[in-house]
Amino acid sequence: MKNIAIVTKPNYSSPRILANCLHSFLSQAEGVKSEVFYELFVFKRLLSYAKVAKNYNYITWKGYQLIHYIQDQLFLRKLKKYDAVIIVECSPKAFLSDSFDFVKLRKKLEGIPLIFHEVYYLGNAPTMVSYLNDGGHHQEDIFDWHLSVSEVTEIRSEPKAPWSQVGLYLKSTGLAPVSKKEHLAIIDFYREGYEKERNEQIKALEAVGIPYIELSGSYTFDEIREIYKKATFYFLQFPESFGLPIAECMSCGAYVFTPDTSWGMAWRLDDEVEIHGPGKLADCFVVYDGQEGLQEKLRQYKLEYDLEKTPQKVFEIFMENYSDYYNGNKAELNYFLEKLKSGTL
């Protein structure tokens, strides 16, 4: 039996969803047992003051470390009892030299594999690789292995050492297509620099007479998923490397609207894609051109969307084209686990 520790942050954000889904996915595999810990900031406190001096004064930082010292040491000692440690955090934050000290953690683990799990594999994002390199930050080699949800981000590549594309076991959340009471659009959280697109969406929805909710503030997973379950349409706000809300809304039967096919990077179906370039999307996406084009699309889809039958139709298109984002990729998970068991990561 291999025991795996999954460590993420406690915030209601995408890393916590990834961690919980991976934990559930691992429970379906033989010969492994996992546990999730919401203690990611222990690894931030491993940083020396020199790494954080621009954000903290010396006394504040040392006091912060001292207050947590005993519990941090106990947790680090606990991790040494596991056969592998999986870190779940966003990129590029996990690789920034002033965010966490995974280099020091790796030394403290004394040979226990340290693995990183994110929606994308860093090597599939050349722009991010360059950004980290130019800033003097870390690269993928600070981890022994990488687990990604998708095999396409800025570019597409086939999984090979040091990474596996394990997909997303979103099925474990219980999300599924549900009948709608009325048309309802969800406008995702505001993104600076994309005000024009947001305003076009709002004006188009108001012109066609479709009620909408603008997401703002914070939500628990249960709270935001109750909103997703009511939605017939979901609107992207900026280019997404993956976009967990896309998968969650499609799971509930909502069409996803985007002004550009490049905005859904991980959802492009082309065998080869250009960095930030256009791509083919499945029919559960609706691509529009400007406010007038969006109004035409909304009138069409408002008329064609059957509140009882269409959610299932959207879900079936989602499953036909992106099943790894709901059922996970069991073959790749098993490949990773075999390497872990054989000690060849």
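The values are calculated or read from the model by the stated rules, or taken from the named source; none is laboratory data. Source: prediction; values computed, not measured. In this analysis, Cβ positions are derived from the backbone assuming ideal geometry, glycine residues included, and neighbour counts consider all displayed protein chains. Ligands, DNA and RNA are stripped out before the accessible areas are found, and what is left, the full protein with its side chains, is counted by its heavy atoms. Shrake-Rupley method; radii C 1.70, N 1.55, O 1.52, S 1.80 Å.
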What is the packing order of peptides 223-236, 285-298, taking the mean over residues of other C-beta atoms within 10 Å and listing the highest first?
223-236, 285-298
Could you list log10 I(q)/I(0) for the range 173-323 at q = 0.19, 0.21 Å⁻¹, which the Debye formula gives when each Cα is one point scatterer?
-1.23, -1.51
How large a share of the accessible area of the range 173-323, in percent, is made up of carbon and sulfur atoms when the probe is 1.4 Å and the other protein chains stay in place?
45
Cα-projected label distance for Ser342 with Lys108, points at 7 Å along beta-carbon direction, nm:
3.2
What does the accessible area per residue of the range 173-323 come to in Å², with a 1.4 Å probe and no ligands, DNA or RNA counted?
47
Computed, not fitted: 222 nm per-residue ellipticity of the chain from DSSP H runs ≥ 4 (each -39500 (n - 2.57)), nearest 500, equal to -11500 deg cm²/dmol
Considering only DSSP beta bridges whose two residues both sit in the chain, what percent are antiparallel, to the nearest 5?
5
Using a basic spin-label model with each label point 7 Å from the Cα along Cα→Cβ, how many nm lie between Asn57 and Ser179?
6.3
Could the peptides 171-182, 324-335 be put in order, highest first, of the mean number of other beta-carbon atoms found within 10 Å of their residues?
324-335, 171-182
In whole Å, largest first, the alpha carbons of the range 95-190 cover along the principal axes 54, 30, 28
In the range 23-168 the accessible area split gives carbon plus sulfur, as whole percent at 1.4 Å, a share of 52
Distance from a point 7 Å along Cα→Cβ of Ile275 to each backbone N in the range 130-152: keep the residues under 18 Å and list them by number.
130-140, 152
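Can you give the accessible area per residue of the range 72-138, in Å², using a 1.4 Å probe?
The answer is 41 Å² per residue.
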Between Asn3 and Tyr190, what is the label-point separation in nm under the 7 Å Cα-to-beta-carbon projection?
4.8
What is the distance in Å between the Cα centroid of the range 38-87 and that of the range 302-345?
35
Leaving ligands and nucleic acids out of the surface, order Lys313, Lys9, Lys54 by accessible area at 1.4 Å, largest first.
Lys54, Lys313, Lys9
Using only alpha-carbon positions, what ratio does the radius of gyration of the range 1-120 give when scaled by 2.2 N^0.38 Å?
1.09
Arrange the peptides 19-27, 206-214, 246-254 so that the one whose residues have, on average, the most other Cβ atoms within 10 Å appears first.
246-254, 19-27, 206-214
Quick check: with the 1.4 Å probe, what order do Ile275, Ile112 take by accessible area, largest first?
Ile275, Ile112
In the chain, which whole DSSP H runs stretch at least 24 Å along their own axis (Cα) and average -1.0 or higher on the Kyte-Doolittle scale?
58-79
Modelled FRET efficiency - R0 30 Å, Leu307 with Ile202, Cβ distances, 0.05 increments
0.85
